[in-house]
1. Looking only at residues in the stretch 162-189 that are under 15 Å from residue 253 (Cα atoms) and out of contact with any Asp or Glu (no Cβ under 8 Å at 6 or more places or on another chain), which one is farthest from the ligand (Cβ to nearest atom)?
2. Quick one: is residue 230 surrounded by fewer than 21 Cβ atoms within 10 Å (Cβ to Cβ), on the phi > 0 side of the Ramachandran plot and not β-branched (Val, Ile, Thr)?
3. Residues that are within 30 Å of residue 44 (Cβ to Cβ), surrounded by fewer than 20 Cβ atoms within 10 Å (Cβ to Cβ), more than 12 Å from the ligand (Cβ to nearest atom) and modelled with pLDDT under 95: does the stretch 95-105 have at least one?
4. Name the residues in the stretch 253-285 that are closer than 19 Å to residue 202 by Cβ and not in a helix (DSSP H, G or I), would you?
5. Does residue 18 meet the test of being surrounded by fewer than 16 Cβ atoms within 10 Å (Cβ to Cβ) and within 15 Å of the ligand (Cβ to nearest atom)?
6. Taking the stretch 34-45 as the search range and keeping residues that are small (Gly, Ala, Ser) and closer than 22 Å to residue 225 by Cβ, which one is surrounded by the fewest Cβ atoms within 10 Å (Cβ to Cβ)?
7. Could you say which residue among 254, 241 is of a type in the set (S, T, N, Q), farther than 19 Å from residue 171 by Cβ and within 10 Å of the ligand (Cβ to nearest atom)?
Amino acid sequence: MHDFLPYAWFKGKCVPFDEAKISIATHALHYGTAAFGGMRAIPDPSDNGNFLLFRADKHAKRLSQSAKLLLTELSERYILQSIETWLKANKPSKPIYIRPFVYTSDLGIAPRLHNIETDFFIYGLELGDYLSPEGVSCRISSWKRQEDCSLPLRGKISGAYITSSLAKTEAVLTGFDEALLLNSQGKVSEASGMNLFIVRDGNLITPGTDQDILEGITRASVIEIANYLGINVIERPVDKTELFIADEVFLTGTAAKITPIKQIESTLLNTELPIMNKLRDYLISITENKEDKFSNWITSIKIS
Ligand code: PMP
């Protein structure tokens with residue numbers, strides 16, 4: 001069981017987490033017609049009573065776009081203002097994961113997105129490491145990542161996570177930590193909830209946004225950091241065999257941060273990861289608001 005923060009944002013105000021309840025007939029529960037965000041926030045290490053949100057504007061933008069893909073409207077401003085009010089009510093003292101959620105809230109049946117009410121809530125939980133920072137073993141899933149022509153993959157749509165769930169469980173039940181999914185073209189797409197990078201001959205390579213990935217905010221941040229640090233970045237299709245021979249392979253995501261892959265199927269990968277380490281150290285430093293160059297990625301909110 002997670003350590004949930006005491007208050008949820010529900011129907012436009014903060015209410016105790018246990019009182020934020022929805023009906024079993026809620027449309028989104030039946031049809032996956034919802035979308036969510038996932039953000040991290042930490043107490044300011046300089047102990048000034050502030051909380052630091054990483055790339056809050058980007059997360060709000062993606063959620064607003066996800067809502068649009070579900071044919072509803074949710075403004076970035078409303079998301080950010082609600083998160084701020086909600087955070088001040090909760091006054092967390094540890095690193096947290098914030099889950100804003102938009103969904104079709106009508107009661108009743110029939111899959112659709114027209115003539116339907118939607119609603120929005122937020123809750124949060126304390127979250128340390130989601131995956132082991134020492135590295136994970138991965139299985140190449142028998143489940144393929146969906147195609148953008150059958151599901152709007154640029155949104156973080158709830159229904160899409162059936163594939164992630166099947167892939168993750170298949171991996172874990174067969175002795176691995178995480179799943180890597182190929183797309184319908186047989187190219188590497190991403191993991192169950194993270195994007196993937198490899199390093200070959202000093203180049204940082206990642207599947208492009210045309211490879212049926214979720215357009216990850218950590219991924220985009222890592223690309224920007226790499227450019228800033230003078231590391232050559234290439235976005236292109238990645239073949240399965242490249243995973244086994246790459247110098248470094250790692251995952252990026254809000255929950256997973258930057259996590260090395262130490263094994264894929266039965267192949268052990270390099271454990272010397274100089275480029276990943278450089279990027280990881282820099283990313284951590286940015287999230288702690290210690291890099292002036294990237295201070296605009298951080299939203300600092302006074303909570304006490
Ligand atoms: N892919 C999927 C399917 C995800 O759920 C996530 C987590 N949001 C990511 C990639 C990584 O995205 P981000 O860096 O924005 O958290």
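1. Residue satisfying both the conditions and the ranking: 178.
2. yes
3. There is no residue in the stretch 95-105 that is within 30 Å of residue 44 (Cβ to Cβ), surrounded by fewer than 20 Cβ atoms within 10 Å (Cβ to Cβ), more than 12 Å from the ligand (Cβ to nearest atom) and modelled with pLDDT under 95.
4. 258, 260, 261, 269, 270, 271, 272, 273
5. Judged against the criteria, residue 18 is not a match.
6. Restricting attention to the stretch 34-45, the residues satisfying the condition of being small (Gly, Ala, Ser) are 34-35, 37-38, 41.
Now drop any that are not closer than 22 Å to residue 225 by Cβ, which leaves 37-38, 41.
Working: 37: 24, 38: 20, 41: 23.
Residue satisfying both the conditions and the ranking: 38.
7. Numbers: 241 fails: within 10 Å of the ligand (Cβ to nearest atom).
Sole residue among the options that is of a type in the set (S, T, N, Q), farther than 19 Å from residue 171 by Cβ and within 10 Å of the ligand (Cβ to nearest atom): 254.
Conditions tested, residue by residue: (1) more than 16 Å from the ligand (Cβ to nearest atom); (2) in a loop (DSSP other than H, G, I, E, B); (3) without any contact (Cβ under 8 Å) to a residue 12 or more places away in the chain; (4) surrounded by fewer than 16 Cβ atoms within 10 Å (Cβ to Cβ).
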position	(1), (2), (3), (4)
47	yes, yes, yes, yes
51	yes, no, no, no
57	no, no, no, yes
63	no, no, no, no
66	no, no, no, no
71	yes, yes, no, yes
74	yes, yes, no, no
83	no, no, no, no
86	yes, no, no, no
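The values are calculated or read from the model by the stated rules, or taken from the named source; none is laboratory data. These numbers were taken from a predicted model, which means no experiment stands behind them. Using ideal geometry, Cβ is built from the backbone for each residue, glycine included, and neighbour counts are taken over all protein chains shown.
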